[in-house]
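Undergrad: First, the structure itself, so that you have it in front of you.
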Amino acid sequence: MKKVTIGIFFILLSLTSCKNESSIETSKTENRGRIAKKAMVVSARVEASKIGVEILKAGGNAFDAMMATEMALAVTYPYAGNLGGGGFLVYRLADGTKGALDYREKAPLASSKNMYLDNDGEVVKDLSTVGSKAVGVPGTIAGIFKAQKRFGKLDVGTILKPVIELAKQGYTVTKQQEKRFTEYDSIIRAVNGKKMLYNNTIKAGDTITNLALAKTLQRIANNGHDEFYKGETAKRLVDYLQSKGSIITLEDLAKYEAKWRNPITFQYDDLSITSMSPPSSGGICLNQIMTMVEPFDLKDYGHNTLKTIQVVVEAEKRAYADRSFYLGDPDFVDIPTETLTSAVYLEERMSNFSFRTPTPVDSISHGKITGHESDETTHYSIVDQYGNAIAVTTTLNGAYGSKLYAEDLGFFLNNEMDDFSSKPGEPNYYGLIGAEANSIAPEKRMLSSMTPTIVEKDGEFHMSVGTPGGSTIITSVLQTILNIHEFGMTMQEAVNAPRFHNQWLPDEIRMEPNSFDDKLVQQLKALGYNINQTRTPVIGKVDGILMLDDGTLEGGADKRGDDTAVGF
Ligand code: DON
């Protein structure tokens, strides 16, 4: 939002915006999501949100509920919920302390830079996306244990009990799930060599139990973190993976550690935004885009209007170009974060922006820095009754990850290795281009776009938000925050509103089909933008929690999925 400093104009503007806010307030009450007085969990499945709330009601806090919700998603949402993947947590404690936890997967010790290339140096199709070679060393169990151990209040047995019960008793399949089990049946069968628990005979309304997963979770409840990384589960997992040709060893599992990271924090108007730092690109890119759009008066341009879309798209282009060149695992590469997020650098980046015509992608590339500076994911947001807030995004990468299903253990393995750059300039599954900073090396973490984010206003908790969606995660989180802050939407309206996306390359604006006015699309085309309304049926599936002026919480559960807010 443009900052206005001239006296009288400022007063007039404030009066206008007050008027706007009060008229928006009326529509807000009509279109609010679920309201809760004290605490709330919003996730991709009703059972997972309910179990999170059950743990909170039992006296647990957001970090206890995180462990329960994450594992309940592994039971009920095998598409992305996982034990075989990884993720990121961003938190804000009741006292205002903020932090982040990285439980991203790592490249196995035996991995190498060119492991997905053939003798001619070409990328071997599907090798980094399907089957055992695609699997990174999982981080999820390490992540939920590290967070719960430091901040949680309950014992692990109490937290996992309802989840184990859920795996034993089963959950009801939804229409969306039936569709996906059918859609992915042939590839899951092909990778595993036989029909698996999740297959095309399952219909909406059926109950699915997962006794193998119940047993795995029971062993983890009994023996803790080491069960997964050094115990019986580790041995069974590695035996299974190696029988399928994986290079992951017991040493890989034993060496895996989740890491506390300093999150990225920045200001946008009167908001203070905290988001995930590398190895996710989410926080830096969100910071870059928001700083680039801040001087423009988006509120005045209006939601999803030609001018707003132009400004946002051009800022996105520049941020994604920087992402592809500079970002990678901070334990392996020096990232010039300070420069990349500085107002001076970003002003320079936008200096060739014009409303008259798109900035050509080949004239953008990554920005110059002088000098030296020292298809599936799921997101859930939790606010507890003690005032702690968390935003967690976790993933197997693609739908059902590598499709490799450890039948004996009851879970899918990720295909996160595809988030590395297999070859400079070669797009990955999400069309993202990478360079040396994100090349493969033993024990390195692959670059992510996951953007779990917490927003504060006037020093108080304001919003927890995040989404799946691969490369579109960053731009979906961005639009949700702008929808609330600039365009006065409720949390529910903000997550439901149609979204667009630009990631520098390919040179196109992706727009959700049947959601944008045809006239607007024609105007963008006339200016020279390439529009793609077919690539993805939906962009992001955002879940968030907003604190309202009276201190109650509004849940925003994206209409694009089975997502549900539960609170008390
Ligand atoms: O870490 C990342 O950026 C990707 N592996 C996320 C994948 C994802 O969001 C898939 N969901 N649609």
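The values are calculated or read from the model by the stated rules, or taken from the named source; none is laboratory data. Fair warning: this is a prediction, and the values are worked out from it, not measured in the lab. Neighbour counts run over all protein chains shown; Cβ positions are idealised from the backbone, glycine included. Ligands, DNA and RNA are stripped out before the accessible areas are found, and what is left, the full protein with its side chains, is counted by its heavy atoms. Shrake-Rupley method; radii C 1.70, N 1.55, O 1.52, S 1.80 Å.
Undergrad: For a label point 7 angstrom out from the Cα of Ala110 toward its Cβ, which stretches of segment 231-266 have the backbone nitrogen within less than 19 Å?
TA: 234-256, by backbone N distance to the label point.
Undergrad: Tell me, what is the per residue accessible area of segment 336-417 in Å², probe radius 1.4 Å?
TA: 38 Å²
Undergrad: Using heavy-atom solvent-accessible surface (probe 1.4 Å) with all chains present, what is the largest-first order of Phe420, Phe568?
TA: Sorted descending by solvent-accessible area, the residues read Phe568, Phe420.
Undergrad: Probe of 1.4 angstrom, ligands and nucleic acids ignored: what's the accessible area per residue over segment 425-468, in square angstrom? Write down the numbers at each step before the final one.
TA: Details: 1200 Å² over 44 residues.
Result: 27 Å² per residue.
Undergrad: Under a no-solvent Debye model with one identical scatterer per Cα of segment 410-568, what's log10 I(q)/I(0) at q = 0.19 Å⁻¹?
TA: With no solvent term, the Cα-only Debye profile gives -1.20.
Undergrad: Order the following by accessible area, largest value first: Arg510, Arg356, Arg560, Arg34. Probe radius 1.4 Å; ligands, DNA and RNA are ignored. Could you put the intermediate results ahead of the total?
TA: Details: Arg510 10, Arg356 190, Arg560 30, Arg34 135 Å².
Sorted descending by solvent-accessible area, the residues read Arg356, Arg34, Arg560, Arg510.
Undergrad: Which length gain, in nm to one decimal place, applies between Gln267 and Asp239 when the Cα-Cα distance is subtracted from 0.36 nm times their residue separation?
TA: The span from Gln267 to Asp239 would gain 5.2 nm if fully extended.
Undergrad: Which whole-Hz ³J(HN,Hα) couplings does segment 346-353 yield from phi under the Karplus relation 6.51 cos²θ - 1.76 cosθ + 1.60, θ = phi - 60°, glycine and proline marked x?
TA: Once rounded to whole Hz, the list reads 6, 5, 4, 4, 8, 5, 9, 5.
Undergrad: For Phe355 and Ser515, what is the calculated FRET efficiency with R₀ set at 25 Å and r taken between the beta-carbons, to the nearest 0.05?
TA: The formula returns an efficiency of 0.60 here.
Undergrad: Another question, then. What figure in square angstrom, to the nearest 10, would you give for the accessible area of Leu197 with a 1.4 Å probe?
TA: Here the accessible area works out near 60 Å².
Undergrad: Taking only Cα atoms of segment 488-543, what ratio of Rg to Rh do you get with Rh as the Kirkwood inverse-distance radius?
TA: Ratio of gyration radius to Kirkwood radius: 1.00.
Undergrad: Then there's this: Arrange the residues Ser281, Ser186, Ser365 by how much accessible surface each exposes, largest first, with a 1.4 angstrom probe.
TA: Working: Ser281 0, Ser186 85, Ser365 45 Å².
Descending accessible area places them as Ser186, Ser365, Ser281.
Undergrad: Collect residues whose amide H, placed 1.01 Å from N in the peptide plane, falls under 5 Å from the amide H of Ser449; neighbours closer than 5 in sequence don't count.
TA: Ser281
Undergrad: Hey, any idea what % of the chain's accessible area is carbon plus sulfur with a 1.4 Å probe? Don't jump to the answer; show the numbers that get you there.
TA: On the way: 10920 of 21130 Å².
Ligands and nucleic acids excluded, carbon and sulfur reach 52 percent.
Undergrad: Another question, then. Asn530's amide H: which non-local residues (gap 5+, or another chain) put their own amide H closer than 5 Å, with H modeled 1.01 Å from N in plane and none for Pro or chain starts?
TA: Excluding prolines and chain starts, which carry no amide H, the hits are Ile509.
Undergrad: Could you state how much accessible area Phe487 has, in square angstrom rounded to the nearest 10, with a 1.4 Å probe and all protein chains kept in place?
TA: 40 Å²
Undergrad: Mind checking the dipole of the chain: about its Cα centre, +1 per Lys or Arg Cβ, -1 per Asp or Glu Cβ, Debye to the nearest 20?
TA: 980 debye
Undergrad: Another question, if that's okay. What are the residues whose amide H is under 5 Å from the amide H of Arg261, where those residues sit 5 or more places off or on another chain and H is modelled from the backbone?
TA: Here the answer is Ala100, Leu101, Asp102, since their amide H atoms fall under 5 Å of that of Arg261.
Undergrad: With label points built 7 Å along Cα→Cβ from the Cα atoms of Thr249 and Ile35, find their separation and express it in nm.
TA: 5.9 nm
Undergrad: Explain nothing, just compute: Karplus ³J(HN,Hα) = 6.51 cos²θ - 1.76 cosθ + 1.60, θ = phi - 60°, for every residue of segment 141-150 in order, whole Hz, x for Gly and Pro.
TA: Result, ordered by residue: 5, 4, x, 5, 6, 5, 5, 5, 5, 6 Hz.
Undergrad: So, one more: Please name whichever of Leu211, Val130, Trp260 sits farthest to the positive end of the charge dipole of the chain, dipole taken about the Cα centre and charges placed at Cβ: Lys and Arg +1, Asp and Glu -1.
TA: Leu211
Undergrad: So what J values fall out for segment 44-61 if you push phi through Karplus, 6.51 cos²θ - 1.76 cosθ + 1.60 with θ = phi - 60°, rounded to Hz, Gly and Pro as x?
TA: 6, 9, 4, 5, 5, 5, 5, 5, x, 5, 4, 5, 5, 5, 7, x, x, 10
Undergrad: Calculate I(q)/I(0) for segment 373-490 by the Debye formula, one identical point scatterer on each C-alpha and no solvent, and give its log10 at q = 0.13, 0.19, 0.20, 0.22 Å⁻¹ to two decimals.
TA: Debye intensities relative to I(0), on a log10 scale: -0.66, -1.07, -1.11, -1.19.
Undergrad: Leaving out ligands, DNA and RNA but keeping every protein chain, what accessible area does His303 have, in Å² rounded to the nearest 10, with a 1.4 Å probe?
TA: Accessible surface of His303 is approximately 60 Å².
Undergrad: How much length is gained on full extension from Lys125 to Thr305, taking 0.36 nm per residue of separation minus their Cα-Cα distance? Please list the in-between numbers first.
TA: Numbers: separation 180, 0.36 × 180 = 64.80 nm, distance 3.94 nm.
Extra length available between Lys125 and Thr305 comes to 60.9 nm.
Undergrad: While we're on this one: Which whole-number value in Å² is the accessible area per residue of segment 79-127, probe 1.4 Å?
TA: Per residue, segment 79-127 has an accessible area of 36 Å².
Undergrad: What spacing in nm lies between the two simple spin-label points modelled at Ala343 and Leu117, each 7 Å away from Cα in the Cβ direction?
TA: In this crude spin-label approximation the distance works out to 4.4 nm.
Undergrad: Rounded to whole Å and sorted largest first, list the principal axis extents of the Cα atoms in the chain.
TA: 71, 59, 47
Undergrad: Take the Cα atoms of segment 257-362, build their convex hull, and give its volume per residue in Å³.
TA: 112 Å³
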